[in-house]
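The values are calculated or read from the model by the stated rules, or taken from the named source; none is laboratory data. Fair warning: this is a prediction, and the values are worked out from it, not measured in the lab. Note: ideal-geometry Cβ built from the backbone for every residue, glycine included; neighbour counts use all protein chains shown. The protein model used for the area step is the full one, side chains on, heavy atoms only, and it has no ligands, DNA or RNA in it. Shrake-Rupley method; radii C 1.70, N 1.55, O 1.52, S 1.80 Å.
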Amino acid sequence: MSIFSDLWISRKPMAGFLVIGIAWASYFAQMPVIKAGINASDGAYGSVILLAALGAVVAMWLAPMADRVAGPSALPVFAIAVALGFLWAGAAGSLLGLMFALMLASVGSGVVDVLVNARLSEKEAQHGRDLMNLNHGVYSFTYAGAALIVGWAREAGWPPVAVFGVMAVVIVLLCLMMLGDEPAQQIPETGTAPAAFPHMLVWLMGLLVLTGFLAEAGTEGWSALHLERTLGGGPAQGALGPAILGLTMGIGRLGGHALARFLPVMVLLACACLLSAFGVILAGAASTLMMAYFGFALGGLGISVVVPMVIALAGRVVEPAARLTAISRVSVLGYGAFFIGPPLMGLVSEGWGLRTSFYLIGALLVLAAAVLIPAIAAQVSRRA
């Protein structure tokens with residue numbers, strides 16, 4: 001089967017990946033002007049994102065219930081919530097208004113993310129195809145392209161509301177693609193796990209996914225501000241930060257599967273974390289825009305393979321009956337980093353400067369390579 005067949009098989013959940021990529025790229029590429037519009041400090045802005053994240057965490061745990069209640073309509077309904085949330089964010093004139101707007105967008109994207117990964121796992125099982133890397137790669141390329149387009153729109157003088165208005169129209173069209181998709185297999189709500197369910201291994205893998213997402217979210221969320229405020233770049237130059245991250249992550253994810261044929265999974269994961277750490281630290285220490293771009297490119301290439309490979313590993317090391325539960329728990333734990341990352345960066349930036357925020361992300365990646373990955377390897381060996 002060709003890549004076109006894989007795209008066709010996964011087209012409906014892929015539309016959900018496109019919604020998330022377009023929406024968050026549209027927001028983060030405009031973060032400097034939105035932040036300036038409400039006159040918020042780094043610490044206050046970071047705290048708003050953290051508060052908005054609480055709704056997303058609750059929504060993710062309730063995603064299976066949303067899938068059961070809304071069925072095939074669940075994805076379109078929550079995708080529309082994402083569009084409405086960001087439209088509100090573009091028009092918000094206060095810190096409180098932005099918080100509620102981001103909460104709505106975060107709730108919608110949290111549910112969409114859980115559902116598309118669950119439904120994609122079902123399609124992998126049904127068709128015997130590896131679809132996860134392809135879809136995550138498409139998400140990254142979409143994010144990069146959307147960030148570039150938004151940067152050009154900002155240079156042309158488009159206000160945030162206009163940009164989000166176009167984004168909302170695109171999301172509505174993507175919702176039409178999602179219609180008719182069947183709900184994924186339900187995750188048990190009783191809390192009962194299979195007798196041999198590897199709780200410790202799943203938690204360790206979840207922490208590694210969280211670290212990977214933390215690096216991704218932190219750099220995506222604050223790269224534009226770093227390029228514009230610290231290094232004096234313009235709007236289009238600032239938007240290149242998240243665009244480069246998205247592009248290199250897409251390339252890395254499509255190439256990660258090929259590299260896995262020649263390198264052991266744990267070795268590849270450790271190398272990826274260290275490469276990303278070097279890139280993020282280099283971007284934080286950069287004295288020129290080109291140096292920062294190169295650092296963000298290395299960071300994106302490194303971190304790109306971590307999340308798909310760990311999710312795939314979670315599906316392989318557990319019993320088939322526990323596969324969806326394991327993938328769900330790993331994904332939910334890791335997804336919280338998309339909301340922990342930006343506020344963490346904001347609070348550290350408030351106290352010690354924006355450069356230090358990137359150094360912290362790099363240090364966490366080194367810690368993951370030195371501690372988490374060996375611990376996961378030991379747990380996998382015990383099960384072999």
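Only one of these is more than 23 Å from residue 217 (Cα to Cα), modelled with pLDDT of 85 or more, over 15 Å from the mean Cα position of the chain (by Cα) and buried (at least 22 other Cβ atoms within 10 Å of the Cβ): 178, 167. Name it.
Exactly one of 178, 167 is more than 23 Å from residue 217 (Cα to Cα), modelled with pLDDT of 85 or more, over 15 Å from the mean Cα position of the chain (by Cα) and buried (at least 22 other Cβ atoms within 10 Å of the Cβ), namely 178.
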- prompt: Limited to region 209-232, what total is found for residues that are over 15 Å from the mean Cα position of the chain (by Cα) and either of a type in the set (D, E, K, R) or surrounded by fewer than 21 Cβ atoms within 10 Å (Cβ to Cβ) (or both)?
  reply: 5
Residue selected from region 125-141 under the condition in contact with a helix residue (DSSP H, G or I) (Cβ under 7 Å, 6 or more places away or on another chain) and open to solvent by 40 Å² or more (accessible area, probe 1.4 Å), by the criterion farthest from residue 17 (Cα to Cα): 127
message: Contact list please: Cβ distance under 8 Å, first residue in region 147-164 and under 15 Å from residue 25 (Cα atoms) and outside any helix (DSSP H, G or I), second residue modelled with pLDDT under 90 and open to solvent by less than 70 Å² (accessible area, probe 1.4 Å), pairs at least six apart or on different chains.
response: none
query: Can you tell me which of 313, 365, 275 is open to solvent by 20 Å² or more (accessible area, probe 1.4 Å), among the aliphatic types (A, V, I, L, M) and in a helix (DSSP H, G or I)?
result: 275
task: Working carefully through the options 105, 153, 162, 144, find the one that is over 22 Å from residue 330 (Cβ atoms), open to solvent by less than 10 Å² (accessible area, probe 1.4 Å) and at pLDDT 85 or above.
output: 105
field: The one condition in (1) modelled with pLDDT of 85 or more; (2) more than 23 Å from residue 33 (Cα to Cα) that residue 233 fails to fulfil
entry: (2)
message: Among the residues of region 61-88, what is the count of those that are of a type outside the set (Gly, Ala, Ser), in a helix (DSSP H, G or I), in contact (Cβ under 8 Å) with a residue 24 or more places away in the chain and open to solvent by 10 Å² or more (accessible area, probe 1.4 Å)?
response: 10
field: Every residue from region 1-39 that is at pLDDT 80 or above, over 19 Å from residue 220 (Cβ atoms) and not in a helix (DSSP H, G or I)
entry: 10, 38, 39
query: Which one of the conditions (1) part of a helix (DSSP H, G or I); (2) at pLDDT 80 or above does residue 346 fail to meet, given that it meets all the rest?
result: (2)
